[in-house]
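The structure appears right after this line, and notes come after that.
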Amino acid sequence: MNNTYMTQPIKLLAICGSTRQSSSNHHLIKAITELGKGTFTVQLVESLTTIPHFNPDQDMDANSAPEEVQHFRAQLAAADAVLICTPEYAIGVPGTLKNAIDWTVSSMHFSKKPVALITAGTSGHKAHQSLLGTLLIIESKIAEAAQLVISSVRTKINDQGVITDPPTEMQVRKLIQTLADVATGKATDLLPAPSLL
């Protein structure tokens, strides 16, 4: 993809919801890094497992959060956009990923941040809807085409980070394009926050 948006590539922070280093979602991030060359520079959050369990008592002001949390927030603040690739565990969001996001609610580091969400697993639809709702309620900027469920993901990407299923590759390319459009203000048709009623 050619960089037709900015004089400098978009700084993309990639977050993997799987703690397995050889997971399909890590392979997806590798694929997106390759497909987005010239448009994005990608920084990967190395591990969510070092972030402690969310505790509001440790987050009473901007400087009281644990060091690992402050580092994660700083990575979010420095990014122009965020990519989340996650599996589904027991039809839910992986605990380590949800825990990291919980630490950003009070600090509002996802507020107005362009985000792309991919849930890739055996199915993924239940976890995807749950996490999408969370991201929208904390004011992430997500366009319809920047969120995607990839079911049966192991049949669609290989261990080298190459998407082997042409329809999936087309969807991922569209997601990359859409995220770039949101990050540069070219896309304003965003998903609304879910109703709390």
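Quick one: Debye curve from the alpha-carbon atoms of segment 25-84 only, equal weights, vacuum; give me log10 I(q)/I(0) at q = 0.19, 0.21, 0.23 Å⁻¹ to two decimals.
-0.79, -0.89, -0.98
Rank these by accessible area, largest first, 1.4 Å probe: Asp61, Asp159, Asp181. Before the final figure, lay out the partial values.
Details: Asp61 85, Asp159 115, Asp181 35 Å².
Final ranking, largest accessible area leading: Asp159, Asp61, Asp181.
Run the quick spin-label model on Ser64 and Ser195: label points 7 Å from Cα toward the beta carbon, then report their separation in nm to one decimal.
Taking the two extended label points, one gets 3.7 nm.
With the calculation restricted to Cα positions, what are the radius of gyration and Dmax of the chain in angstrom?
Using the Cα atoms of the chain, the pair Rg, Dmax is 15.9, 48 Å.
First compute the accessible area of the chain with a 1.4 Å probe, then give the percent of it belonging to carbon and sulfur atoms. Please report the intermediate quantities before stating the final value.
On the way: 5230 of 9850 Å².
Carbon-and-sulfur percentage of accessible area, whole number: 53.
For segment 82-149, report the accessible area per residue in Å² (1.4 Å probe, heavy atoms, rounded to an integer).
Values: 2410 Å² over 68 residues.
Counting only protein heavy atoms, the per-residue value for segment 82-149 is 36 Å².
For segment 1-102, what ratio Rg/Rh do Cα atoms give with a Kirkwood hydrodynamic radius? Kindly include the intermediate steps, with their values, before the conclusion.
Working: Rg = 15.0 Å, Rh = 14.8 Å.
Here the Rg-to-Rh quotient is 1.01.
I'd like the accessible area for Ile163, computed on protein heavy atoms only with a 1.4 Å probe and all protein chains in place. Round to 10 Å², please.
Here the residue's solvent-accessible area equals roughly 20 Å².
Along the three principal axes, how long is segment 89-153 when you take its alpha carbons, biggest first, rounded to the nearest angstrom?
35, 25, 14
Any chance you could look up the accessible area of Lys141 with a 1.4 Å probe, heavy atoms only, rounded to 10 Å²?
60 Å²
Can you put Arg173, Arg73 in order of accessible area, largest first, using a 1.4 Å probe? Mind dumping the intermediate values first?
On the way: Arg173 110, Arg73 15 Å².
Final ranking, largest accessible area leading: Arg173, Arg73.
Just order 46-53, 32-39 by mean Cβ neighbour count inside 10 Å, highest at the front, would you?
On the way: 46-53: 13.6, 32-39: 18.2.
Descending mean neighbour count gives 32-39, 46-53.
Could you give the C-alpha radius of gyration of segment 71-110 expressed as a fraction of 2.2 N^0.38 Å, taking N as the number of residues it contains? Write out the running numbers ahead of the final one.
On the way: Rg = 11.2 Å, N = 40, 2.2 N^0.38 = 8.9 Å.
Rounded to two decimals, the normalised Rg is 1.26.
Semi-axes of the equivalent ellipsoid for segment 130-197, please: Cα gyration tensor eigenvalues, times 5, square-rooted, ordered largest first, whole Å. Mind showing how you got there, number by number?
Values: eigenvalues 134, 51, 14 Å².
Value: 26, 16, 8 Å, ordered largest first.
Please state, to two decimals, what the Cα-based radius of gyration of segment 58-168 comes to when divided by 2.2 N^0.38 Å (N = residues).
Working: Rg = 15.2 Å, N = 111, 2.2 N^0.38 = 13.2 Å.
Relative to the rule-of-thumb radius for its length, segment 58-168 sits at 1.15.
Please list the helices of the chain that count as membrane-span-like by this rule: a mean Kyte-Doolittle hydropathy of at least -0.5 together with Cα atoms stretching 20 Å or more along the helix axis, each helix being a complete DSSP H run.
Length and hydropathy pass: 166-183.
The values are calculated or read from the model by the stated rules, or taken from the named source; none is laboratory data. All of these numbers come straight from a predicted model, not from anything done at the bench. A quick note on method: Cβ atoms are made from the backbone with ideal geometry, for glycine too, and the neighbour counts reach across all protein chains shown. Note: accessible area is taken over every heavy atom of the protein model, side chains too, but ligands, DNA and RNA are not part of it. Shrake-Rupley method; radii C 1.70, N 1.55, O 1.52, S 1.80 Å.
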